Amino acid sequence: MKITKAVVTAGGLGTRMLPATKTVPKEMLPLADKPVIQYVIEEAVASGISDILVVTNRAKSAVDDYFDYTPELEEKLASAGKIEELEAVRRTADIANVFYVRQKETLGLGHAVWRARRFVGNEPFAVLLGDDVTMADVPVTRQLIDAAEQYGASAVGTQRVPADAISKYSSLKVEPLGGRVFRVEDMNEKPRPEEMFSEYAILGRYVLSHEIFDILEGTSPGYGGEIQLTDGLRTLCRRSPMVAVDFEGRRYDTGSLRGFLEATVDFSLKHADIGEWMREFIKKRAGEL
Ligand code: G1P
């Protein structure tokens, strides 16, 4: 099972980061010198994905522009001898085969993924949420693909979250299979405390069988009146094998101000040119607090 296709969802409204996201898509906000969505697409590419469908909406044209060529800018950079900048600009346009489809109505994550059915066809595929950024030695999507291959199963990325925060996520009912991998038996979206299965929440990464599309087609709106991917996965895990991977690495919810600022600090510290400067700056500031 070679997985070459990924779906990146970028159809959300960005209501947790206003006013910054009033006119700039949340996926285009920069972490150090690259927009959020570039980290997500780089993770997919580093995991062996070659074809990526980004699910956007009418307010996200800046996303498709970003992965296109910019002839005027490139000519200017070339004639000024700014080769490094030119390469950086070119690299984003040549990063992968990037396709787009619009989610014409904001009907939920399940509906966004369902929009990818013609792109995916009958293959297993990865899903990466466009505002969930990860930092890991082995790319998180790769960790999921490895487990999906090993167990011949769909896979969801998980980590434990504090019990009082689980209602912001989804909760998994799991049985250990070995190492960091669990068998998924059930799940629910945004559970109330008494409905929680465990502290294991799905966090932004999935490897799915194409069977999910038929399931989503018949999935009724759930939490928030939206078609929830989790509700579709609940049916999928009863029909065919599914594992959860307690992935190694950090995950940032860049759609929230705190997650965005944590990611800004961590990716700046890792940045080849400014990492050292950032470390010194943080130390200096911390000494003043
Ligand atoms: C989505 C998913 C949820 C998951 C969360 C974090 O929720 O529906 O199951 O736990 O992302 O990846 P959202 O953050 O869009 O409300």
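Can you give the longest run of the chain that contains no trypsin sites (Lys or Arg not before Pro) sitting in a DSSP loop with at most 16 other Cβ atoms inside 10 Å? Please report the intermediate quantities before stating the final value.
On the way: sites that count: 2, 22, 58, 82, 104, 180.
Maximal segment without exposed cleavage sites: 181-289.
Using +1 on the beta carbon of Lys and Arg, -1 on that of Asp and Glu, and nothing else charged, what's the dipole of the range 189-289 about the Cα centre, debye to 20? Walk me through the intermediate numbers first.
Values: 14 positive and 18 negative charges, 59 e Å.
Here the range 189-289 has a charge dipole of around 280 debye.
Taking springs between alpha-carbon atoms closer than 10 angstrom, which of 106, 56, 70 fluctuates most in the Gaussian network model of the chain?
70
In whole Å, what are the extents of the range 144-261 along the principal axes defined by its C-alpha atoms, from largest to smallest?
Taking the Cα atoms of the range 144-261, the three principal extents are 36, 35, 27 Å.
In sequence order, what are the phi-derived ³J(HN,Hα) couplings for the range 130-147 according to the Karplus relation 6.51 cos²θ - 1.76 cosθ + 1.60 with θ = phi - 60°, rounded to whole Hz, with x for glycine and proline?
x, 10, 9, 10, 10, 10, 8, 5, 9, x, 4, 4, 5, 4, 6, 4, 4, 5
Specify the residue with the greatest mean-square fluctuation among 55, 138, 181, computed from a Gaussian network of the chain linking alpha-carbon atoms under 10 Å apart.
138
Would you work out which of 120, 275, 70 lies farthest towards the positive end of the dipole of the chain, given +1 charges on the beta-carbon of Lys and Arg and -1 on that of Asp and Glu, about the Cα centre?
Result: 120, furthest along the dipole toward the positive end.
Most fluctuating residue of 278, 196, 28 in a GNM of the chain with Cα springs under 10 Å: which is it?
Among 278, 196, 28, the largest GNM mean-square fluctuation belongs to 278.
What does DSSP give for the chain in terms of the percent of beta bridges that are antiparallel, rounded to the nearest 5?
Values: 26 of 46 bridges.
Once the DSSP bridges in the chain are tallied, antiparallel ones form about 55 percent.
Using a cut-off of 21 Å between alpha-carbon atoms, which lysines can reach residue 34, once sequence neighbours fewer than 8 places away in the same chain are excluded?
Reachable lysines: 22, 26, 60, 76, 82, 270.
Positive end of the dipole of the chain, charges at C-beta (+1 Lys, Arg; -1 Asp, Glu), about the Cα centre: which of 148, 29, 15 has its Cα farthest in that direction?
Toward the positive end, the furthest listed residue is 15.
Once the other residues with Cβ under 10 Å from the Cβ of residue 155 are scored (Lys, Arg +1; Asp, Glu -1), what is the net sum? The partial results should precede the final answer.
Details: positive: 205; negative: 146, 149.
Computed value for this residue: -1.
Rounded to the nearest 500, what is the chain's calculated 222 nm mean residue ellipticity when only DSSP H runs of at least 4 contribute -39500 (n - 2.57) each, over all residues? Walk me through the numbers on the way to the answer.
Details: 11 runs with 105 residues, N = 289.
Counting only the DSSP helices, I get -10500 deg cm²/dmol.
Every read-out reported here was derived from the displayed coordinates using simple, explicitly stated rules and does not represent laboratory data. Please read all numbers here as calculations on a predicted model, not as lab measurements. Here the Cβ is made from the backbone with ideal geometry for all residues, glycine too, and neighbour counts use every protein chain on show.
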